[in-house]
Amino acid sequence: MVTKYPAEPFRIKSIEYVKMNTREDREKLMKECGYNPFFLHSEDVYIDLLTDSGTTAMSDRQWAGLMMGDEAYAGSRNWYHLESIVKEYFGFKYVVPTHQGRGAENILSMIAIKPGQLVPGNMYFTTTRYHQEANGGIFKDIIIDEAHDPVIDLPFKGNVDLNKLQALIDEYGAHQIAYVCVAITVNLAGGQPVSMQNLRETYELCHKHGIKVFIDATRCVENAYFIQEREPGYANKTIKEIVLEQFKYSDGCTMSGKKDCLTNIGGFLALNDEDMFTEAKELVVVFEGMPSYGGMTGRDMEAMAIGITESVDQAYIEHRIKQIRYLGDRLLAAGVPIVEPIGGHGIFLDATRFCAHLPQEQMPAQALTAALYVESGVRGVERGIVSAGRDVNTGKDHIPKLETVRLTVPRRVYTYAHMDVVADGCISLYNKRETIRGLKWVYEPKRLRFFTGRFEQV
Ligand SMILES: *Cc1c(COP(=O)(O)O)cnc(C)c1O
């Protein structure tokens, strides 16, 4: 029987207690950490929706795999296992392991970008753009306009706007484009998917002009689920088949193993071009480790190899997507403004509408994140003007159209009852939203400022 919200397709073998503190405790703690929930001790958080990165619960098979770790400095058997799994599931010729996704982004940016070249992408991601810019690249947003609007409901709201890409090629010339980076799904747009047709057309347009396409594969399994659910012709294909087909329309990918690979650490860069592979291997030894571990332990690599095989299980991915949809549906039913449609890895509260009394300079999403913790013990993360950072040339704040609080759901960790606690907290806060006070900077870091910045109430 197919239910709207399928029950957990697993049973719980090991548990971790979490504690609920008092509202007075949380008020004090939030002030002490400068209204930045990144500074909270995790033990002071009841339900932690800061990120879905590295927060996965591993399966019994993965835990058993840890015992199979071969910690040899070179040539670990777990590396050969992981390499063969990545080739089988992703379809690329060459694999370079890295400690996590940004390690792969760093290497790709170093080998594929010449200073001054453009790197078009379907909305920015924090670490991805950082590495592109650190290597002299200029990020250009080529996502469809609708992705910047929180209320437009589209099945594939993460798609590349081919006209925007064509316009860049016409204006600057193909040689001025380092490569095109396509993220599946689009994290900062609300976990919005990209259709197979759009992947195919983007790839065809690029190849006509000799431009390479690299996929940010971080949530490629979630993207595959949306294709299966929504795109004509894919309903009867398996998730494994869809994942593999997605990568046919690219020249390589960067992967954060901490998301869809169902592990707590790890990543890789995968490629088809032999020369790029040779260069990537030279760099991986400088930044990450030997090309047979890239910063991961043998046991990490084993857990990741097993995690990839589990991630394409139909029951797993359907439960994951629909559990998040359950949370979103409850919020929508109560009138709480969120980014629609509901995406793949979390719910994004629309702080612009939630905190309509606060101007964007007062960082409404950051203020809402702090207030939600105080209200309910739930930790989310700001994805608005604070995360967007400053323009590297002008020094001015980037002004994102989306000012959101991301409530990211870890994989296989929480139950529907936990989602009810989150929904109840958001709803009660929404009912007294005018009490949320704006923030100003006390300390603004120069790089990736959202991680370590500090604020006070205005
Ligand atoms: C997490 C993430 C990355 C970076 O991966 P890390 O493993 O955190 O270094 C890159 N792109 C997207 C879309 C991500 O969500």
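None of the figures in this text is laboratory data; all of them are computed from the coordinates on show. Note that this is a predicted model, so its numbers are computed, not measured. Reconstructed Cβ throughout: ideal geometry from the backbone, glycine too, with neighbour counts over all protein chains shown.
A few comments on the model shown:
- Two-site FRET efficiency, K93 against E241, from Cβ-Cβ distance with R₀ of 22 Å, rounded to 0.05: 0.70
- Long pairs among K28/K440; K28/K396; K401/K432, criterion Cα-Cα beyond 21 Å: K28/K396; K401/K432
- Global form of the range 235-289, assessed from the alpha-carbon gyration tensor, a/c cut-off 1.5: oblate
- Gain in span if fully extended, K440 to L332, counting 0.36 nm per residue against the direct Cα distance: 35.9 nm
- Where Rh is the Kirkwood radius over Cα pairs, Rg/Rh for the chain: 0.95
- Of all DSSP bridge pairs formed entirely within the range 132-262, close to 20 percent run antiparallel.
- Förster-model FRET efficiency, 60 Å R0, E16 and K114, C-beta, rounded to 0.05: 0.80
- For the range 318-372, the alpha-carbon radius of gyration amounts to 1.22 times the rule-of-thumb value 2.2 N^0.38 Å expected for a compact globular protein.
- Using every pair of separate Cα atoms, the Kirkwood estimate puts the hydrodynamic radius of the range 342-458 at 14.8 angstrom.
- Taking all pairs of distinct alpha-carbon atoms in the range 91-164, Kirkwood radius in angstrom: 13.8
- Computed E for Q176/A315 - FRET, C-beta separation, R0 51 angstrom, nearest 0.05: 0.65
- Phi angles across the range 431-447 convert, under the Karplus curve 6.51 cos²θ - 1.76 cosθ + 1.60 with θ = phi - 60°, into 3J(HN,Hα) values of 6, 10, 4, 5, 7, 6, 9, x, 10, 9, 5, 10, 9, 10, x, 6, 10 Hz, Gly and Pro given as x.
- Square roots of 5 times each gyration tensor eigenvalue, C-alpha, the range 75-125, largest first, Å: 27, 13, 10
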